[in-house]
Amino acid sequence: MISQKRSFSILSTLLKSKSTSSNDLKPVFKQPHHSNSTKGQPQPQNFEKNLPQPKIELKPWEKQNISKDSFFKRKYGNISPQDRKALNEKVERQRRFRAMKIAHEKSLQEKAYQERERARELAREAKGNGKNFKSGGSSNYDTGVMVDRNDTIFDYVFGTHPVKAVLMAGKRRILDLYTFNNEDPDIVKLAMEKYGIVPKRLKDKNALNILCKNGVHNGVVLKTNKLDIPYIKEVGHAENGEYKLAIEELDDAAAVDDDGEVKVKTKKVIRDDDIEQIEELYPLSLYLDEITDPQNMGSILRSAYFFGVDFIVVPNHSTAKLGPVANKASAGALDLIDIYQTGSSLKFIDSVRQNGWHVISTVVDQQVVQSLKKLPMLRMMSRMMPMSMLMLMLINHIKNKFIELQDLRTILKKTPVMLIIGSEGSGVRTNMKIRSDYLVGIPKIRRNDNIVDSLNAGVATGVILQNCLD
């Protein structure tokens, strides 16, 4: 009772004091201070003055107190023709690199959109067939997190060897590891110790089937970022068991110097000189010309890694996707071997030859004659001389390039070699054959049989690589 009377007395005192002198009462919370106002609306005071101010770097022309045009006229107005040419080439490289980066980012966005749409279709089909991720209202694995394929901007690597290879190579960002009745100690140890990933044990095998699109997963699927394939600008000279490569890595700022020049990397030949028992080791590489089947791509990668190929180059168009299917077929070689891409195949092959490499295309005799008939240059020249004479000249020119399988080893002992492997259907493109130093084929023993007229691309690659090293 006493406390209530005291509270009323205090309240009445405050009201009286407010009526007499309102300025004596102070608010409980401090009112914000507004120094400026616009059209009667208060504006908050800027507090950035209390933050550390960044140091403003003056441009070179600002330091000299001249205009930008005057600065560059003084710098480049009186340079020699050679320096002018070098400058133009440098600017062209910088523009090309920026354009490649923009195109690369755009293609990634388009692929991500397409894969998201495909994932939604798969989810709708799975739901329509009663294959829901949830079973009885519970999650698919012990941690209680649901598994789906709506995030297919990532790769789902499946199979024991591919998963182990990805973890060992360290070329990607590892996100999750899903297992079902698979406790491979090496995979679990690598995932936990190297990446801090705890395996998520699924209760339902069907969840893994959906992640790898019914591939043979051996009870293990790894969720990763997609493998980044850097662009190769130039293949340099090779000597003393080493060779040089100019690589344009879009996500690596260290790959380009301050002037926009692509840095040259020195690589060591993979093969061991003790095994080779020769004084000088030269690199052996592959160019895969429009291999569109991911199974064939994986088979070739597997053979190349097994036989010690130093690196592989693929075109950035008309080539198989280097994804989980190719990785499974390669038994993990996709992440273990160095792979690069190029946007200009013919110019790239020309530059390889100019730097002392021998370019050898793999062909079948019948493919050479058939491909020559489709050559645009041949139809153009036929206006000046008979077609039969042109065909005879070109066929003789091509046939003079043929070598035997046993000659491959002799060439590799003297110079670096780049082998061009074509697809099973059309083989190596004619323009690539014309630019090649040599052509080589695998002789067929059954001459009268037209049913089985060629080998699988992966098998043929293995045979040719074996002859390079024996």
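The values are calculated or read from the model by the stated rules, or taken from the named source; none is laboratory data. In this text, all values refer to a predicted model and were calculated from it rather than measured experimentally. A quick note on method: Cβ atoms are made from the backbone with ideal geometry, for glycine too, and the neighbour counts reach across all protein chains shown.
If we scan region 288-306, do we find a residue that is at pLDDT below 95, of a type in the set (A, V, I, L, M), farther than 21 Å from residue 349 by Cα and not in a helix (DSSP H, G or I)? Within region 288-306 (the criterion being at pLDDT below 95, of a type in the set (A, V, I, L, M), farther than 21 Å from residue 349 by Cα and not in a helix (DSSP H, G or I)), the answer is no, since none of the residues qualifies. Between 421, 411, the distinction of being modelled with pLDDT of 85 or more, surrounded by 14 or more Cβ atoms within 10 Å (Cβ to Cβ) and not in a helix (DSSP H, G or I) belongs to 421 only. Pairing residues of region 65-90 that are more than 24 Å from residue 262 (Cβ to Cβ) with residues that are surrounded by 11 or more Cβ atoms within 10 Å (Cβ to Cβ) and hydroxyl-bearing (Ser, Thr, Tyr), at Cβ distances under 7 Å and at least 6 apart in sequence or on separate chains, gives no pairs at all. Has region 318-338 got at least one residue that is buried (at least 21 other Cβ atoms within 10 Å of the Cβ), within 11 Å of residue 229 (Cβ to Cβ) and of a type in the set (Val, Ile, Thr)? No, region 318-338 contains no residue that is buried (at least 21 other Cβ atoms within 10 Å of the Cβ), within 11 Å of residue 229 (Cβ to Cβ) and of a type in the set (Val, Ile, Thr).
Return the residue satisfying two criteria in turn: it lies in region 307-346 and is hydroxyl-bearing (Ser, Thr, Tyr) and within 20 Å of residue 427 (Cα to Cα), and of such residues it is modelled with the lowest pLDDT.
Filtering region 307-346 down to residues hydroxyl-bearing (Ser, Thr, Tyr) leaves 318-319, 330, 340, 342, 344-345.
Still in the list and also within 20 Å of residue 427 (Cα to Cα): 318-319, 342, 344-345.
Working: 318: 83, 319: 87, 342: 91, 344: 87, 345: 90.
Looking at residues that are hydroxyl-bearing (Ser, Thr, Tyr) and within 20 Å of residue 427 (Cα to Cα), I get 318.
For region 157-182, which residues satisfy the criterion of being among the polar types (S, T, N, Q) and either within 20 Å of the chain's Cα centre (by Cα) or assigned to a strand (DSSP E or B) (or both)? Correct list: 179 only. The residues of region 179-196 that are among the hydroxyl-bearing types (Ser, Thr, Tyr) and either at pLDDT 90 or above or surrounded by fewer than 18 Cβ atoms within 10 Å (Cβ to Cβ) (or both) amount to a single one, 195.
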